[in-house]
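Report on the following structure.
The values are calculated or read from the model by the stated rules, or taken from the named source; none is laboratory data. What you see is a predicted model; the values in this text were computed from it and never measured. Positions of Cβ are backbone-derived with ideal geometry, glycine not excepted, and every protein chain shown enters the neighbour counts. Just so you know, the surface numbers come from the protein's heavy atoms only, side chains and all, with ligands and any DNA or RNA stripped out. Shrake-Rupley method; radii C 1.70, N 1.55, O 1.52, S 1.80 Å.
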Amino acid sequence: KAGVTQTPRYLIKTRGQQVTLSCSPISGHRSVSWYQQTPGQGLQFLFEYFSETQRNKGNFPGRFSGRQFSNSRSEMNVSTLELGDSALYLCASSWDRPGDYGYTFGSGTRLTVV
Amino acid sequence: GENVEQHPSTLSVQEGDSAVIKCTYSDSASNYFPWYKQELGKGPQLIIDIRSNVGEKKDQRIAVTLNKTAKHFSLHITETQPEDSAVYFCAASKGSASKIIFGSGTRLSIRP
């Protein structure tokens, strides 16, 4: 059974640009969550999608957005990149509410902003 | 909102010894407590979890204990091996919640 797939694995972008990251959840999982991981802040929750609807959102600026498609695949977008956006972005999928079923994480996308 | 504190931030133990990582949570309504292991270059992987109706759970060399009154939970690894070296995260959530809150992580190193 395929795991959570994130693409690309690595990205280098310039300040001011925008970026789109992709996540394919485990087959049958309808909830997709995104986290930002940095050495100083740990794992910070960005948002969670279920059946194409954003169900929860963390405390990030509006430059961070996401969406989910009918096949449960999800994308997140960061516009007007800042140096502080450099991080590992992790996608996690779950059958339904993560509080009931827990997460399966992907390997992440390492974003470097220069 | 929910807050999870994790200690220590780094831990070094001799191979074969035991390792203990401790966490506290703030929301008394939390009832799901997973633990994740993150190896270099990989995403976190669930290694064990416990729900609030259980005080202890074991899986081979790994055990988790929960004290609901004190809002503490701990991860115990016995007979540590080199492959146990990784970053470990505790987490907490309420049932039916659409997010899980993570602790800040513990970097565990196993000395040969």
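Residues that are without any contact (Cβ under 8 Å) to a residue 40 or more places away in the chain, more than 21 Å from B:Gly41 (Cβ to Cβ), within 13 Å of chain B (Cβ to nearest Cβ) and assigned to a strand (DSSP E or B) do not occur anywhere in the range A:29-42.
When the range A:21-50 is filtered for residues that are under 22 Å from B:Cys90 (Cβ atoms) and open to solvent by 40 Å² or more (accessible area, probe 1.4 Å), the ones remaining, listed by number, are A:Pro39, A:Gly40, A:Gln41, A:Gln44.
Would you confirm whether or not the range B:23-34 contains a residue that is more than 10 Å from chain A (Cβ to nearest Cβ), at pLDDT 95 or above and open to solvent by 60 Å² or more (accessible area, probe 1.4 Å)? No; the residues of the range B:23-34 include none that is more than 10 Å from chain A (Cβ to nearest Cβ), at pLDDT 95 or above and open to solvent by 60 Å² or more (accessible area, probe 1.4 Å).
Reported count of residues in the range A:88-114, each being over 30 Å from B:Asn31 (Cβ atoms) and either touching a His at 6+ places or on another chain (Cβ under 8 Å) or within 14 Å of chain B (Cβ to nearest Cβ) (or both), is 2.
Mind listing whichever residues of the range B:64-112 are closer than 24 Å to B:Gly41 by Cα and basic (Lys, Arg)? B:Lys99, B:Arg107, B:Arg111 - these are the residues of the range B:64-112 that are closer than 24 Å to B:Gly41 by Cα and basic (Lys, Arg).
In the range B:6-22, the qualifying residues are those that are among the small types (Gly, Ala, Ser) and touching a strand residue (DSSP E or B) at 6+ places or on another chain (Cβ under 8 Å), and the one that is farthest from the other protein chains (Cβ to nearest Cβ) is B:Ser18. Residues that are surrounded by 21 or more Cβ atoms within 10 Å (Cβ to Cβ) and either touching a residue at least 60 places away in the same chain (Cβ under 8 Å) or more than 21 Å from B:Phe33 (Cα to Cα) (or both) do not occur anywhere in the range A:9-20. Name the single residue, out of those in the range B:56-112 being open to solvent by 30 Å² or more (accessible area, probe 1.4 Å), within 13 Å of chain A (Cβ to nearest Cβ) and within 16 Å of the chain's Cα centre (by Cα), that is nearest to A:Gln37 (Cα to Cα). Looking at residues that are open to solvent by 30 Å² or more (accessible area, probe 1.4 Å), within 13 Å of chain A (Cβ to nearest Cβ) and within 16 Å of the chain's Cα centre (by Cα), I get B:Ser104. When the criteria are applied in full, A:Gln68 meets the requirement of being more than 10 Å from chain B (Cβ to nearest Cβ) and within 12 Å of the chain's Cα centre (by Cα).
When residues in the range A:47-56 are screened for being in contact (Cβ under 8 Å) with a residue 40 or more places away in the chain and under 14 Å from A:Leu90 (Cα atoms), 1 of them pass. Take the residues of the range B:35-49 that are within 10 Å of chain A (Cβ to nearest Cβ), touching a residue at least 12 places away in the same chain (Cβ under 8 Å) and part of a strand (DSSP E or B): which is nearest to the chain's Cα centre (by Cα)? Among those that are within 10 Å of chain A (Cβ to nearest Cβ), touching a residue at least 12 places away in the same chain (Cβ under 8 Å) and part of a strand (DSSP E or B), it is B:Tyr36.
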